[in-house]
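Worksheet: the structure to be examined is printed underneath.
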Amino acid sequence: MTDLQITLFGAGGVFIVGVFSYNKWQEYKAKKSVERAFSTDHDDVLMREGDAPAVEAQEPVLRQEPRFDAAPAAKAEPSFGAPPAAPVPDAPVHAEPSLGGAGIEAPAAAPATPVQQDVSAASEQATSLVDPLIDCLLPLSLEAPVRGDKILPVLQTLRLVGNKPVHFIGLHVNGDWEPITHGGVYTKMQGGVQLASRSTALNELEYSELVTRLRGVADEIGAEPEVPDMMEVMAEARNLHRFVAGHDAQLGVNLHTNGAPWAISTLLFALEKQGFDVRPDGRFVMPDGEGGYLFSLSTNVTLAEETTPRLTLLLDVPCVAPARDGFGAMVACAKALVGRLDATIVDDYNQALSDAALAEIAGQVQEFYQEMDAADIPAGSTRALRLFS
């Protein structure tokens, strides 16, 4: 047998094995598709929920790249409505009837029922979890309605990529988007990975890992993911991170003793009187009354030290809503401590800060808030807290 004949026999054998393997793979895919299509779980779901109306397929909406303009004079008007796959129902518009009779009042609008309030809250929560302005949207087409308690364990395996959170929401059979929960039945799903954080933007390695893991999750729950183009996602991530880095502002005022350094034990008493809470990590924070805090305080020394000549009050500007006037509250607190501790309010270079200087800084804080509003990321909002966490 010649070398040519041996080579031809070998090539033919490889071809036959390849055809056989391909046919077995197609047979396996067809089998899994049939099993999912005729799974008894889907029948049980629909029977348990009653005759739910069919949900019409929605045309995919093209993702719009967010634009951020930090300059207050050129206020951006981004066109960001509800998420393409997670629409938030419009607030009902109540027309005011025109009644001609004197003394006749228009009937008051009926208060929202508990069910309506729950639905609205769920829709708002869904929008805050998968936000088209700060998340890369990941639509998932389902082969059939799925139960939340069946898919939640699978979704829990994909919660983070690097330090970027990943969230999922679902279109309930009642027609509302909501966070996926036990007991819910969903006809569509939407995933989202945060494009940037305070430290970094989503990068190519993280995105590749996300796509690989997302496909695995989709296979397990019987879904088909729509994966956006990596280059477009990376451009959006870098754009968003530039905005975050440019608005990562923390403002501090210092109190310097006018005499001997303060004893830490004396400070603890004075700070508690002023309303500060001590966190488990040793930080002093001023509560905002709703579980958060307005600003923090540092003694500028280690736990082993017994005295300190200087205190620093620090405001995380993008994380406090303008209505709370975090800077004004911090300055008022500093002035109150001046009287308690015999101190002077100074800057980082130990130069005394006059009322005029503090008022000028307050004006700059207001300009900062306007810039964040222009980018549709208001300070203290859920969107801002996610980005600046």
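The values are calculated or read from the model by the stated rules, or taken from the named source; none is laboratory data. All of these numbers come straight from a predicted model, not from anything done at the bench. Neighbour counts run over all protein chains shown; Cβ positions are idealised from the backbone, glycine included. These accessible areas exclude ligands, DNA and RNA; they are computed on the full protein's heavy atoms, side chains included. Shrake-Rupley method; radii C 1.70, N 1.55, O 1.52, S 1.80 Å.
Mind listing the long-range amide H neighbours of D325? Cut-off is under 5 Å, sequence gap 5 or more, other chains count too, H placed in the peptide plane at 1.01 Å from N.
Amide H to amide H, under 5 Å and 5 or more residues apart or across chains, D325 pairs with nothing.
In Å², and per residue, what accessible area does region 251-361 have when probed at 1.4 Å with the other protein chains present?
Ligands and nucleic acids excluded, the result is 52 Å² per residue.
For region 367-373, what does the Karplus curve 6.51 cos²θ - 1.76 cosθ + 1.60, with θ = phi - 60°, yield as ³J(HN,Hα) per residue in whole Hz, taken in order and with x for Gly and Pro?
5, 4, 4, 5, 5, 5, 4
Whose amide H sits under 5 Å from the amide H of V166, counting only residues 5 or more places off or on another chain, with H placed in the peptide plane?
L160, V161
If ligands, DNA and RNA are left out, what is the accessible area of I180 with a 1.4 Å probe, given in Å² to the nearest 10?
Approximately 20 Å² for this residue.
Pop out the ³J(HN,Hα) list for region 226-242 in order, Karplus 6.51 cos²θ - 1.76 cosθ + 1.60 with θ = phi - 60°, rounded to Hz; leave Gly and Pro as x.
9, 9, x, 5, 4, 4, 5, 5, 4, 5, 5, 5, 5, 4, 5, 5, 4
Would you kindly derive the ³J(HN,Hα) couplings of region 253-266 from the backbone phi angles with the Karplus curve 6.51 cos²θ - 1.76 cosθ + 1.60 (θ = phi - 60°), listing them in order in whole Hz, with x for Gly and Pro?
Once rounded to whole Hz, the list reads 10, 10, 10, 10, 5, 8, x, 6, x, 7, 6, 4, 4, 5.
Starting from 0.36 nm per residue, how many nanometres of slack lie between T382 and M231 once their C-alpha separation is accounted for?
Using 0.36 nm per residue and subtracting the Cα-Cα distance, I get 51.6 nm.
Work out how much length V154 to D355 would gain on full extension: take 0.36 nm times their residue separation and subtract the Cα-Cα distance, in nm to one decimal.
Working it through step by step, the gained length comes to 66.7 nm.
Just how large is the dipole of region 215-350 about the Cα centre, in debye to the nearest 20, putting +1 at every Lys and Arg Cβ and -1 at every Asp and Glu Cβ?
820
Amide H neighbours of Y293 under 5 Å, counting only residues 5+ apart in sequence or on other chains, H built in-plane at 1.01 Å?
Correct list: D288.
Treat region 247-389 as a sphere of radius equal to its Kirkwood radius over Cα pairs and apply Stokes-Einstein at 37 °C in a medium of 0.692 mPa s; give the translational diffusion coefficient in µm²/s, rounded to a whole number.
207
So, in Å, what gap is there between the alpha-carbon centers of region 121-198 and region 310-384?
Answer, in whole Å: 37.
With labels modelled as points extended 7 Å from the Cα through the Cβ direction, what inter-label distance (nm, one decimal) is found for E290 paired with S208?
The answer from the label model is 4.3 nm.
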